[in-house]
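Here's the structure, in structure tokens; my notes come after.
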Amino acid sequence: MRTTVENVMTTDVAAVNEKASFHTVAELLISRGVSGVPVLDDDNRVLGVVSEADLLAKEEFKERYYGDGYRPPLRARIRHTAGSEGSGYHKSLGETAGALMSAPAHITTPEAAVVSAARLMDRYGVKRLPVVDTDGRLVGIVSRHDLIKVFLRLDKDIEQEVREVLRGRADVTVTDAVVTLTGTYAERSQAVTAVRLAENIDGVVAVRDELTWKHDDIADLPIWGGA
């Protein structure tokens, strides 16, 4: 059974309405000890995410408004000159969560597999994903820390699932989430499949392949190709 986002997500979510003030967002980030929160509309639908980096855009461009002699880094000045929508300069003008946020938000659903959520985080370089229902309303949040929970499964639970998936065709031992497979299959392809199935089980850190086979059907496969 694959672990889903619903199994590991946090339902006590720190979030803000799009009309929340800069000060309210900053206070929430500090009080909850998080680096970013979802931004919601009045129907609890996720519009975007506001993070510490979004708030710091004001500091990055504060010379323009506070005249304290601060000179933004070259990269920041280039963004200002370009004046692109969503740049640090535009965010420095924001006074509400809706104006400060990064949008659209990268989201996931309760039914999604944890591996899918992990891939989304890696693809977009984010540390957490708002979890939404079919209407786009916030129901939770999942972080990298939450995804690590799948590796805390008990060895006996992992062993039982591996045995069920392999239907007793191999001997299975599990130590510290490392699965060792021993036994003999009729075909090499069956042994290869067994290893792949074990590797795909949630919580498995690694698979030690000590399987043997009677016939190498993989070597018998024709090699297609030509000039």
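Coordinate-derived values only; no laboratory data. Keep in mind that what you see is a predicted model, and the values were worked out from it rather than measured. Neighbour counts run over all protein chains shown; Cβ positions are idealised from the backbone, glycine included.
Fewest first, what order do ASP122, ASP217 take by the number of other Cβ atoms within 10 Å?
ASP122, ASP217
Give a residue-ordered list of calculated ³J(HN,Hα) values for the stretch 31-40 (Karplus: 6.51 cos²θ - 1.76 cosθ + 1.60, θ = phi - 60°; whole Hz; x for Gly, Pro).
Couplings: 5, 8, x, 10, 9, x, 9, x, 10, 10 Hz.
Using a ≥ b ≥ c from the Cα gyration tensor of the stretch 153-215 (square roots of the eigenvalues), is it rounded, prolate or oblate, where a/c under 1.5 gives rounded and otherwise the larger of a/b and b/c decides, a/b for prolate?
prolate
If I model a spin label as a point 7 Å beyond the Cα along the Cα-Cβ vector, how far apart are those points for ARG167 and LYS127 in nm?
Placing both labels 7 Å beyond Cα along the Cβ direction yields 4.6 nm.
Distance in nm between label sites at ALA219 and ASP157, each 7 Å beyond Cα in the beta-carbon direction?
Taking the simple label geometry, ALA219 and ASP157 are separated by 4.2 nm.
Pop out the ³J(HN,Hα) list for the stretch 194-211 in order, Karplus 6.51 cos²θ - 1.76 cosθ + 1.60 with θ = phi - 60°, rounded to Hz; leave Gly and Pro as x.
My calculation for the stretch 194-211 gives 4, 5, 5, 5, 5, 4, 7, 7, 4, x, 6, 7, 7, 10, 9, 8, 10, 7 Hz in order.
Report the FRET efficiency, 1/(1 + (r/R0)^6), for SER31 and ALA113, where r is their Cβ-Cβ distance and R0 is 35 Å, rounded to 0.05.
The formula returns an efficiency of 0.60 here.
Which far-off residues, 5 or more places away or on another chain, put their amide H under 5 Å from the one on GLY48, with H placed in the peptide plane?
Answer set, sorted by chain and number: VAL39, ALA105.
Would you mind checking which residues have amide H under 5 Å from ASN17's amide H? H placed 1.01 Å from N; only 5 or more apart, or other chain.
LEU40
What are the ³J(HN,Hα) values, in whole Hz, obtained from phi via the Karplus relation 6.51 cos²θ - 1.76 cosθ + 1.60 with θ = phi - 60°, for each residue of the stretch 173-180 in sequence order, with x given for Gly and Pro?
Going residue by residue, I get 10, 10, 9, 6, 6, 9, 8, 10 Hz, with x marking Gly and Pro.
What is the order of LYS149, LYS127, LYS156, fewest Cβ neighbours within 10 Å to most?
LYS156, LYS127, LYS149
Fewest to most neighbouring Cβ within 10 Å: what's the order for LEU55, LEU100?
If I rank by nearby Cβ atoms, fewest first, I get LEU55, LEU100.
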